[in-house]
């Protein structure tokens with residue numbers, strides 16, 4: 001279930017964020033600076049941006065990849081092995097947001113840039129009802145994987161995922177896709193209009209069905225997705 005239903009709109013951002021629509025093709029880092037207040041983060045996602053440090057311990061950068069990694073919901077690849085893993089675990093939503101973020105930000109992982117400041121910013125979004133986690137647990141309730149991201153309307157902007165058991169992060173992704181698909185069935189919207197953003201396509205994500213679209217296409221899809229009802 002969602003943390004807040006409906007989400008609470010924070011104070012608007014005082015910053016003028018870059019506009020991806022006017023960015024040169026292929027340029028991904030569009031701006032540096034501003035802050036991670038809730039209003040700034042929501043304005044960024046609504047515009048097609050997301051924050052990530054420019055380098056280790058560097059200032060926050062505002063990114064709009066071109067091409068952009070997305071997972072079309074109908075393209076999710078669930079292998080026989082993954083389907084078996086889905087039966088071995090239990091998934092929950094928003095029961096351990098801070099724990100999921102902490103695990104995603106383990107400095108021993110590539111996601112080590114998720115520092116205390118970032119965790120505080122997204123935890124604030126979570127308390128307002130905009131950021132969500134999907135947890136993967138053993139039948140005994142132990143947390144072994146999960147993901148978190150920001151949901152605005154029909155956009156789910158995935159930020160990071162972690163796993164301490166085989167396929168546990170993938171199981172969380174399967175559960176997320178199922179919830180997004182169910183939301184479209186309930187509100188009568190097209191499943192294809194929901195946008196699951198993963199920022200960049202990687203070889204690992206490609207095995208799950210993630211593909212790339214150019215920024216112009218992403219921004220067009222984003223406008224449609226933002227008009228839909230959220231799923232979580």
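The values are calculated or read from the model by the stated rules, or taken from the named source; none is laboratory data. The structure displayed is predicted, hence computed values, not measured ones. A quick note on method: Cβ atoms are made from the backbone with ideal geometry, for glycine too, and the neighbour counts reach across all protein chains shown.
Table for the structure above
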item: Enumerated strands (runs of 3 or more DSSP E) restricted to the range 24-93, each holding at least 2 residues that are under 17 Å from the mean Cα position of the chain (by Cα) and either farther than 18 Å from residue 121 by Cα or in contact (Cβ under 8 Å) with a residue 24 or more places away in the chain (or both); result: 50-53, 60-63, 68-70, 90-93
item: Top-ranked residue in the range 184-194 [being touching a helix residue (DSSP H, G or I) at 6+ places or on another chain (Cβ under 9 Å) and either assigned to a helix (DSSP H, G or I) or free of Cβ contacts under 8 Å to residues at least 40 places away in the same chain (or both); ranked as surrounded by the most Cβ atoms within 10 Å (Cβ to Cβ)]; result: 184
item: Identity of the residue in the range 195-216, over 14 Å from residue 67 (Cβ atoms) and out of contact with any helix residue (DSSP H, G or I) (no Cβ under 7 Å at 6 or more places or on another chain), that ends up surrounded by the most Cβ atoms within 10 Å (Cβ to Cβ); result: 207
item: Residue check, residue 70 buried (at least 18 other Cβ atoms within 10 Å of the Cβ) and under 23 Å from residue 201 (Cβ atoms); result: yes
item: Members of the range 99-146 that are outside any helix (DSSP H, G or I) and either within 13 Å of residue 36 (Cα to Cα) or modelled with pLDDT under 95 (or both); result: 105, 106, 107, 108, 109, 110, 111, 112, 113, 114, 115
